[in-house]
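The values are calculated or read from the model by the stated rules, or taken from the named source; none is laboratory data. Keep in mind that this is a model prediction, so the values were computed, not measured. Using ideal geometry, Cβ is built from the backbone for each residue, glycine included, and neighbour counts are taken over all protein chains shown.
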């Protein structure tokens, strides 16, 4: 997904490496000093969120959850708690197609391990009233790769607005983009069969699936990786949910997608 260059002509642009991709901030702010300060604040927030959500950072909340034993409880940061609740909600509304507890299965795909992926087991509970996780049965491995980037974009949007930035386009690599403010942005979907252009304003668009390269999307129903040459783009007001729900919808057939979009607040699926 590529933004129209004419839309970016008057933007202050910042880039930052995080979550194994490059985040880009295009701020429509005439005051360069304010743009610099607000971008720095948003980038610092991004780093803080990554340090809480990445399972590859030993001190992160998610890494600690993944090492819990049966009967243990763990207090976690508000960022990790909020993201996990969104992830578990997405699991519920997608009938389990989005599952953030398949870290072992994702590793099996990424490492191209021979044989079938391990069967998911274990049970984690999110405390409904305080930022804590309870492990009923060990075995689940949290991986927030399917929602974490979108979650970070939503929080960065709030941070920038608090700083007085009224319009921007925020991107997590080429997979998820979030626009806010009065200015709309044209996004070219280069890998779409019809090379569509989508106009987004106060909403996010996220892509999931495969095209030229194999994506590491594990189907809980099939117990295997997503077949190649399947890709979907989903528009939603929340970048986190655009991220998560696009991952689930790429595993649905056309009829299931139509039912899903009517039932939930999905703006469009391409």
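Numbers at a glance
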item: Which numbered condition residue 98 misses (of (1) modelled with pLDDT of 95 or more; (2) in a loop (DSSP other than H, G, I, E, B); (3) touching a helix residue (DSSP H, G or I) at 6+ places or on another chain (Cβ under 9 Å)); result: (1)
item: Residues (at pLDDT 80 or above and more than 20 Å from residue 100 (Cβ to Cβ)) located in segment 229-255; result: 231, 233, 235, 237, 253, 254, 255
item: Test result for residue 49, over 18 Å from the mean Cα position of the chain (by Cα), surrounded by 14 or more Cβ atoms within 10 Å (Cβ to Cβ) and at pLDDT 95 or above; result: no
item: Test result for residue 154, at pLDDT 90 or above and either surrounded by 18 or more Cβ atoms within 10 Å (Cβ to Cβ) or in a strand (DSSP E or B) (or both); result: yes
item: Test: residue in segment 128-145 that is at negative phi, surrounded by fewer than 16 Cβ atoms within 10 Å (Cβ to Cβ), touching a strand residue (DSSP E or B) at 6+ places or on another chain (Cβ under 8 Å) and without any contact (Cβ under 8 Å) to a residue 60 or more places away in the chain; result: yes
item: Residue ID - nearest to residue 10 (Cα to Cα), chosen from residues in segment 29-47 that are in a helix (DSSP H, G or I) and in contact with a helix residue (DSSP H, G or I) (Cβ under 7 Å, 6 or more places away or on another chain); result: 38
item: Odd one out for residue 113 among (1) modelled with pLDDT of 95 or more; (2) outside any helix (DSSP H, G or I); result: (1)
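Conditions (1) surrounded by fewer than 15 Cβ atoms within 10 Å (Cβ to Cβ); (2) modelled with pLDDT of 95 or more; (3) farther than 12 Å from residue 171 by Cα, marked per residue:
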| site | (1), (2), (3) |
| --- | --- |
| 13 | yes, yes, no |
| 25 | no, yes, no |
| 32 | yes, yes, yes |
| 35 | no, yes, yes |
| 40 | yes, yes, yes |
